[in-house]
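Here's the structure, in C-alpha cells; my notes come after.
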Amino acid sequence: MAKLAAVAMEVVCDTQANMAKFEKYIAEAAAQNVDLIVFPELSLQGLPVGLTAFESPKAVSLHTLGEYVPEGENVQHLIELAKKNDMYIAWSMIEQDKERFDVLYNTGVLVGPEGYVGKYRKVHQPLVERLYFYPGNGEYPVFDTRIGKVGLQVCFDKAYPEVARSLAVQGAEIIVSPNAWRVTERTEEDPDFRLGNVFAFARAMENMVFFVEATHAGPCRMGHSRIIGPNPMQVCATTGYDEGIAIAEVDIQKEILNARLVGMAGSDLLKDRKPGTYSKLVENTPYTLNYGLPHDEPQSVEIVEGQS
C-alpha cells in the first residue's frame, strides 16, 4: 500500500511565500504518513507572466527566479524535507541552464528519502510559453522508487497521448503531472475544465496507470488536484477549486492488475497494442518531430517502432 497526495494551492511570485505553503502541506502529509506528495506547475517561484502576449520585462524577471537543479538552494531545502519526512516530493519550477545564462526550462523535479531522484524538462508549451522557456529534448524519464516506477510530465504534456504512453511502455505505474490548467469560469461546464478533465482521465485509462495531477487553485484556475486510478473514471481523492490536499491510500500493483486483467474483461490496453500498424508515427510526416535544443542545431528525434 502507498499513500499519494496532490496539492491545490494559490501560487504567488514570491518563492518564500510559496515555500511556506510547501512546508505546511508537507507537514500535513507527513502526519498522515504520505509516501508521495505532488505540487502544481511552477509552484516554487511562481510565474510572473501571462501566456497570451510576450512581455519583455516579465521575461527578464524570470531569470532572477531560476535555479540550478539539483544544486539550487530551494531544491536542496526540499531534498532535506523529503529525507526528514521520509517521503517523495514532486513539483515543477523554473530551472536555469548550467551552461547558458539565457536559457530557462519549465522543469518537473522528483526528490525523495534517498535525495535527488531526477527531473524532466517540459516539452509541449502552449501559447507564448515557448517564448519564455526552452523545450526539453523529448526524453521522458521513469524513476524507480520504493513505491513503484514514477514518470514525470508537466501540464500541457497531458494533451499529447504520446507522452504518457512513452512513460507507460517504460513501466511507469504512477504518472506525476504538475499543472497550471486555466479555466474561464469555475464550473465543471466550462469548456477548458472539460478539456483538462478529459485529458487527465484518458491518460490514466489508456495506459491503465495512476495519474496524479496537482494544479493551481484560485481565480481562472482549474483546481481539482487529484489522484486518478487505472480503472475507468476512478477518482481516488480530489480537492475542489480552492486550496487543499487530496490524499488516497492505494494498492498500486493490485489496482493496475485489476484494470488490466479484470476491469475490461482482460482487454489490457498496453498488451493489446499493435505497434507494427502505427507506421505513421515512425515516418517523416508534415509534422516532423524537431526540437530546438539550446546547445545544438535542431535535431530530429528518432522514434523506435514498437515504442508508440
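The values are calculated or read from the model by the stated rules, or taken from the named source; none is laboratory data. Keep in mind it's a predicted model, so treat the numbers as computed, not measured. Ideal geometry is used to build each Cβ from the backbone, glycine not excepted, and the neighbour counts take in all protein chains shown. When the accessible area is computed, the model is the full protein with side chains, heavy atoms only, and any ligands, DNA or RNA have been set aside. Shrake-Rupley method; radii C 1.70, N 1.55, O 1.52, S 1.80 Å.
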Q) From the set of residues in region 28-43 that are in a loop (DSSP other than H, G, I, E, B) and either out of contact with any helix residue (DSSP H, G or I) (no Cβ under 6 Å at 6 or more places or on another chain) or under 22 Å from K3 (Cβ atoms) (or both), which is most open to solvent (accessible area, probe 1.4 Å)? A) N33
(Q) Return the residues of region 33-55 that are without any contact (Cβ under 8 Å) to a residue 40 or more places away in the chain and within 21 Å of T145 (Cβ to Cβ); say none if nothing qualifies. (A) N33
(Q) Which numbered condition in (1) in contact with a Lys or Arg (Cβ under 6 Å, 6 or more places away or on another chain); (2) touching a residue at least 40 places away in the same chain (Cβ under 8 Å); (3) surrounded by fewer than 21 Cβ atoms within 10 Å (Cβ to Cβ) is the only one that V109 fails? (A) (3)
Q.
Quick check on my filter: what residues within region 239-264 are among the polar types (S, T, N, Q) and either without any contact (Cβ under 8 Å) to a residue 24 or more places away in the chain or crowded, with 19+ Cβ neighbours inside 10 Å (or both)?
A. T239
Q: Please determine, by comparing only the residues of region 6-21 that are surrounded by fewer than 22 Cβ atoms within 10 Å (Cβ to Cβ) and among the hydrophobic types (A, V, I, L, M, F, W, C), which one is farthest from R130 (Cα to Cα).
A: A20
Q.
The conditions are (1) modelled with pLDDT of 95 or more; (2) open to solvent by 10 Å² or more (accessible area, probe 1.4 Å); (3) touching a helix residue (DSSP H, G or I) at 6+ places or on another chain (Cβ under 7 Å), and V198 fails exactly one of them. Which is it?
A. (3)
**Q.** Subset of region 236-278 [closer than 25 Å to R146 by Cα and either in a helix (DSSP H, G or I) or among the aromatic types (F, W, Y) (or both)]
**A.** I252, Q253, K254, E255, I256, L257, N258, A259, R260, L261
(Q) Suppose the filter is under 26 Å from G148 (Cβ atoms), assigned to a loop (DSSP other than H, G, I, E, B) and not charged (D, E, K, R); does P70 pass it? (A) yes
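Each row is one residue, and each column tells you yes or no for (1) part of a loop (DSSP other than H, G, I, E, B); (2) open to solvent by less than 10 Å² (accessible area, probe 1.4 Å); (3) modelled with pLDDT of 95 or more.
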{"residue": "F101", "(1), (2), (3)": "yes, no, no"}
{"residue": "Y105", "(1), (2), (3)": "no, yes, yes"}
{"residue": "K119", "(1), (2), (3)": "no, no, yes"}
{"residue": "P126", "(1), (2), (3)": "yes, no, no"}
{"residue": "N137", "(1), (2), (3)": "yes, no, no"}
Q) Within the group A20, A82, A30, which residue is over 18 Å from S177 (Cβ atoms) and free of Cβ contacts under 8 Å to residues at least 12 places away in the same chain? A) A20
Q: State the number of residues belonging to region 44-63 that are open to solvent by less than 10 Å² (accessible area, probe 1.4 Å) and either in a helix (DSSP H, G or I) or of a type in the set (S, T, Y) (or both).
A: 1
Q. Any residue in region 143-155 that is assigned to a loop (DSSP other than H, G, I, E, B), of a type in the set (K, R), closer than 26 Å to A29 by Cβ and more than 12 Å from the chain's Cα centre (by Cα)?
A. yes
Q: Kindly indicate whether any position in region 88-97 is among the acidic types (D, E) and open to solvent by less than 70 Å² (accessible area, probe 1.4 Å).
A: yes
Q. Of the residues that sit in region 211-235 and are in a strand (DSSP E or B) and farther than 14 Å from K158 by Cβ, which one is most open to solvent (accessible area, probe 1.4 Å)?
A. V235
